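See structure below.
The values are calculated or read from the model by the stated rules, or taken from the named source; none is laboratory data. All values reported here derive from a predicted model rather than from experimental measurement. Every residue, glycine among them, receives a Cβ derived from its backbone with ideal geometry; neighbour counts consider all protein chains shown. Heads up: the accessible areas ignore ligands, DNA and RNA and are worked out on the full protein's heavy atoms, side chains in. Shrake-Rupley method; radii C 1.70, N 1.55, O 1.52, S 1.80 Å.
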Amino acid sequence: MTLPNDPTLETATLGGGCFWCLEAVFQELDGTVSVIPGYAGGWLPNPSYEDVCTGRTGHAEVVQVTYDTARLSFADLLDVFFAAHDPTTPDRQGNDVGPQYRSIVLYHSEEQRKTTIDYIRELHERGVFDRSIVTEVVPLEAFYPAEEYHRDYYQRHPTQPYCALVISPKVAKIRKTFAARLKRRSG
């Protein structure tokens, strides 16, 4: 197990729709140490899931990814992040609608901010999306872990309809697109 004070560990906080989706996707990557669903980007301290679902807390559903920079870069995370959701739809991902589902990068350092801005500019220049990217890029002020029942949701409930219909296709896309970056599976 990697020690928490390991200098190769960094943290990224990203929101792109339902945190169950992003948690499942980022758990696939070689180099991720932990992926914690939670809330960030709003003004209500210590929000609950029910609070955030009202759309009136300012918070987005996010994941906080701790990763080993010796195996995975912040730019690698952005590759996967922008492939795993639609960054052109304000306050929406598929049928999930509201500001809590917005696309957002909450940076932890000036380097993350600059990398994100440059990455979005590159996506625009390459014409990767038909519409403008609306991803917010803001400093992380506070992260509130989600309730325990949200953790490892996809792993614990793969046949639940939302998981089967929404999350499974995203995970399959990431497995296909980023096969070289995935954790090795035993068996």
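Listed by first and then second residue, the pairs linking a residue in the stretch 139-150 that is under 15 Å from Val52 (Cα atoms) to a residue that is open to solvent by 60 Å² or more (accessible area, probe 1.4 Å) and part of a loop (DSSP other than H, G, I, E, B), with Cβ atoms under 7 Å apart and 6 or more places separating them unless they lie on different chains, are Tyr144/Asn46. No other residue among Ile120, Ile133, Ile174 is surrounded by 13 or more Cβ atoms within 10 Å (Cβ to Cβ), of a type in the set (Val, Ile, Thr) and in a loop (DSSP other than H, G, I, E, B) apart from Ile133. Annotation: of all residues in the stretch 92-117 being open to solvent by 20 Å² or more (accessible area, probe 1.4 Å) and among the aliphatic types (A, V, I, L, M), the one that is nearest to Val52 (Cα to Cα) is Val97. When the residues of the stretch 73-88 are filtered to those that are closer than 15 Å to His108 by Cβ and touching a residue at least 60 places away in the same chain (Cβ under 8 Å), the one that is nearest to the chain's Cα centre (by Cα) is Phe81.
Of the residues making up the stretch 19-54, those that are open to solvent by 10 Å² or more (accessible area, probe 1.4 Å), in contact (Cβ under 8 Å) with a residue 24 or more places away in the chain and of a type in the set (A, V, I, L, M, F, W, C) are Trp20, Val33, Val35, Ile36, Cys53.
The lone criterion from (1) assigned to a loop (DSSP other than H, G, I, E, B); (2) modelled with pLDDT under 95 left unmet by Tyr149 is number (1). Go through the stretch 40-93 and give me each residue that's of a type in the set (D, E, K, R) and farther than 19 Å from Arg113 by Cβ. Once the filter is applied, which keeps residues that are of a type in the set (D, E, K, R) and farther than 19 Å from Arg113 by Cβ, the stretch 40-93 yields Glu50, Asp51, Arg56, Glu61, Asp68, Arg71, Asp86, Asp91, Arg92. Looking for whichever is assigned to a loop (DSSP other than H, G, I, E, B), open to solvent by less than 40 Å² (accessible area, probe 1.4 Å) and within 17 Å of Val166 (Cβ to Cβ) here; the options are Thr57, Thr89. Which one fits? That would be Thr89, the only listed residue that is assigned to a loop (DSSP other than H, G, I, E, B), open to solvent by less than 40 Å² (accessible area, probe 1.4 Å) and within 17 Å of Val166 (Cβ to Cβ). A residue that is out of contact with any Phe, Trp or Tyr (no Cβ under 8 Å at 6 or more places or on another chain), at pLDDT 95 or above and more than 22 Å from Lys170 (Cβ to Cβ) cannot be found anywhere in the stretch 74-93. Considering every residue within the stretch 178-185, establish whether at least one is in a helix (DSSP H, G or I) and under 12 Å from Ala24 (Cα atoms). No, the stretch 178-185 contains no residue that is in a helix (DSSP H, G or I) and under 12 Å from Ala24 (Cα atoms). Inspect the stretch 94-102 for any residue being modelled with pLDDT of 95 or more and either over 15 Å from Ala146 (Cβ atoms) or among the basic types (Lys, Arg) (or both) and give the result as yes or no. Among the residues of the stretch 94-102, at least one is modelled with pLDDT of 95 or more and either over 15 Å from Ala146 (Cβ atoms) or among the basic types (Lys, Arg) (or both), which makes the answer yes.
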